[in-house]
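Computed from the coordinates by the stated procedures, all read-outs in this text should not be read as laboratory data. Computed from a predicted structure; not experimentally measured. Backbone-built Cβ (ideal geometry, glycine too); neighbour counts: all protein chains shown.
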Amino acid sequence: MSLLSIPIHELHNQLVTKQLKVGELLDESYKAIAAREQSVKAFITLNEDAARAQAVEMDATGVPSDAGLLYGLPIGIKDNIVTQGLLTTCASQFLANYQPVFDATVVKKLKMVQTVTVGKLNMDEFAMGGSNENSSYFATRNPWNTEHVPGGSSGGSAAAVAAGEVYFSLGSDTGGSIRQPAAYCGIVGLKPTYGLVSRFGLVAFASSLDQIGPLTKNVEDAAHLLQAIAGYDQHDSTSANVQIPDYASALTGDIKGLRIAVPKEYLGAGIDPQVKEKVLAALKVLEGLGATWEEVSLPHSEYAVATYYLLASSEASSNLARFDGVRYGVRTTSANNLLELYHKSRSEGFGPEVKRRIMLGTYALSSGYYDAYYLKAQQVRTLIKQDFDEVFKTYDVIIGPTAPTTAFKIGEQVNDPLKMYLNDICTIPVNLAGVPAISVPCGLVDGLPVGLQIIGNTFAESTVLRVAHAFEQHTDHHKARPFSS
Amino acid sequence: MSITLKDVEHVAKLARLDLSADEKTLFTDQLNAILKYAEQLNALDTSNVAPTTHVLPLVNVMRDDLPHESLPVDQVMLNAPDEEEGHFKVPAVIE
C-alpha cells in the first residue's frame, strides 16, 4: 500500500513517533509521478528540488510539538494559484515564463501548517473549460480510463489525487471546476461558500464566482484542508469576516432527522439514467441513516447556464484586460507600436476558448448590449439565488448529481462549446448562489466514477461535510482506486 | 439579435485581439449560437428584480492611506519583458 493512502491521523502519528520521515512521504509522491505521469499528465511544473530540500530540513528539525495533521503532507497546487518563485502559467502560453514574486494567501497558509508543495497542476487555460482540453500545454487524462477527460478546469488537481501522486490538492471552482473533475476522477471536491477562502493570489477569472477549495481522497481530509485555508483576509475585499468553526468536529456520522431536498431539475432531462440510479441509491443510504428526502423545484435552474456564461465571460473579459504584455507574461516580438504590442501579445498568448469568452464578455458589456445581456443576467442571478434561499428555509441540504454524465471521451465535445457548457448544469447554479457544495464518489458506471453533489446553505460547510462523511462511512465508493496501490 | 462578421471585428478591436479570417467566421457562428441560447432569459420578467453583483452583502473596505513597505523594484521587474532603470519599457506610443 502506498504511504499516501494511509489515513491522516495514522500518518501523523507515524511522523510524530519517527517511524516515518517527511522525505519518505515525498519520495512516494515522486515515485508515483515517475510511474504514472506519462499516462496521466497532471503536472505542468514539478517543484522537486525545493520540495526535497524542504523535506530534508523538516526531517533534520523534527516534528514540532504544535504540528498539525497537515504537517509534511505532499500537496499539489492548481497552476492559477500563485507560488513565489515557482512557475505559475494558468496553462496559458501568455504566462509560460511567469515567476510570481509573492504567494497567494492560501499558499502562505499552507506554509504555516507545513505541507510540502510537489508541483503545479494542469488545468483548462485560465480555468475556462470542463475537460482540461483547453490547456495550452497538454490534456490531462482520467486515471480511470486515459481515453477519457479528467474533467475541469481543475482536472490536473483531481487526476493527481486519484492517481496517488499527491496526498491532496487545491483547485478553484467558478462554475463547477472543483466538483466536476472530483466527480469524474472518483474523489472528494469541495467548493466553499463565496468569501470563505481568500482569492488573493488566485489569478482572477470571474471574480464574483471564483473560490479556492480542496480536492482529497476522503471527506475528513477535505475538512482538515479547508480548515487550513479558510478565513478572513484583508488582501481580498470580498473575503468574509466570519467565525471559522472546527470542521472536523462536525463529522459525527449523525444525520438523524436531516431534511434533504432533491430538485427535480437535477434529475430530469439530460441526466444519464445510470447516473440518476446511483444518486437515488445514495439517497436510500442516507434514508437508512435517519434522513428524509423530498422532491423540490429550483424553478430557475434552466436559466443558470446562460446566466453563468454571460456573467463569467463578462467578468473574464474585464479581468483578462490586465494581460497586455507590458509588466509580465510573454510579449510579442513583432510590435512596432504600443497598440500593436497589446493586440499581438494577447492574440499570440491566448488560446481559442479564452478568446471566445473574452469576445462574448466584451460583446455583453459593450455599449448598447449591457442592459440586454449583462444586467439581465445579474437580475436572473437574483432569481436563482432566491430559489436556493426558499428551499433552505425548509431543508438542510440539497442533493443531486455533480454532473449529468460520467467523464466523456477526449475530443468528443471539443468542437461544440455550447454542448460543453451544458455539462455544468448541476454545478453552475451553486456558484451563482454562492453557497457551498461537495462532490463525493457514489459508484461507478462502466468503470467510470459518478459524483454525488451535496449543497448547503451559506457558510454551512459543517453540515455539507457531516452529510458527506456519514454517506462515506456507510459506503465503499471512496475506497475504489484506478491504480492498485 | 444576431451578430455579424462586422460586429465580431468591432468587438475584437475593443478586446485588443487580432483574429484571423477563420477565427472571425468561427466566432461569428459560435457567438451567435451562444447568444441565441442566452435569449431564453428574455422569457423571464425581471423588471422588478434587483441585480446581484455579489452574493454577500459587501461594503467598501477602507484603510488609512499610510505608506507601507512595497515589493523591491528588482522583484517587480523580475517578470518584465523589457525594462530600463527600474521602468517597464514599451515601443514608442507617439510617432
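Overview of values
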| item | result |
| --- | --- |
| Label point distance in nm, A:Gln473-B:His68, each placed 7 Å from Cα along Cα→Cβ | 4.3 |
| Difference of contour (0.36 nm per residue) and Cα-Cα distance, A:Lys31 to A:His9 | 5.6 nm |
| Förster-model FRET efficiency, 22 Å R0, B:Leu14 and A:Asp416, C-beta, rounded to 0.05 | 0.25 |
| Where only C-alpha atoms are counted, convex hull volume of the range A:177-322 per residue in Å³ | 147 |
| Distance in nm between pseudo-label sites at B:Glu84 and A:Ala281 (7 Å out along the Cβ direction from Cα) | 6.9 |
| Cα radius of gyration and Dmax for the range A:333-485 (Å) | 20.9, 66 |
| Calculated [θ] (222 nm, deg cm²/dmol) that DSSP helices of n ≥ 4 give over chain A, each run adding -39,500 (n - 2.57) | -11500 deg cm²/dmol |
| Label-zone membership for the range A:35-55, site A:Lys18, 7 angstrom Cα→C-beta point, backbone N under 20 Å | A:55 |
| Three principal axis lengths of the range A:395-463 [C-alpha, angstrom, descending] | 38, 27, 15 |
| Shape of the range A:33-101, Cα gyration tensor, a/c cut at 1.5 | prolate |
| Percentage, to the nearest whole number, of Cα pairs in the protein assembly as shown over 36 Å apart | 32 |
| Set A:Lys21/A:Lys479; A:Lys111/A:Lys344; A:Lys41/A:Lys419; A:Lys355/B:Lys36; A:Lys344/A:Lys376; A:Lys78/A:Lys217 screened for pairs whose C-alpha atoms are more than 27 Å apart | A:Lys111/A:Lys344; A:Lys344/A:Lys376 |
| Average partner coverage of B:28-36, which counts Cβ from other chains inside 10 Å | 5 |
| Relative exposure of A:Phe138, A:Phe388, judged by other C-beta atoms within 10 Å (fewest first) | A:Phe138, A:Phe388 |
| In sequence order, calculated HN-Hα J values of the range A:95-107 (Karplus, 6.51, -1.76, 1.60; Hz; x Gly/Pro) | 10, 4, 10, 7, 10, x, 9, 8, 9, 4, 4, 5, 5 |
| Neighbour-limited loop hits for GluC sites (Glu not before Pro), the range B:23-72 (at most 16 other Cβ within 10 Å; DSSP other than H, G, I, E, B) | B:Glu69 |
| Sparse-neighbourhood loop sites, trypsin sites (Lys or Arg not before Pro) in the range A:177-261 - DSSP loop, at most 16 other Cβ within 10 angstrom | A:Lys256 |
| Average beta carbon contacts from partner chains per residue of A:232-238, 10 Å cutoff | 2 |
| Length added when fully stretched, A:Phe483-A:Leu375, from 0.36 nm per residue minus Cα-Cα | 34.1 nm |
| By average C-beta atoms within 10 angstrom, highest first, the peptides A:171-178, A:153-160 | A:153-160, A:171-178 |
| Normalised per residue, the volume of the convex hull around the Cα set of chain B (Å³) | 268 |
| Peptide-level mean, for A:346-354, of C-beta atoms on other protein chains within 10 Å | 2 |
| Qualifying trypsin sites (Lys or Arg not before Pro) for the range A:337-398 [loop in DSSP, other Cβ within 10 Å: at most 12] | A:Lys393 |
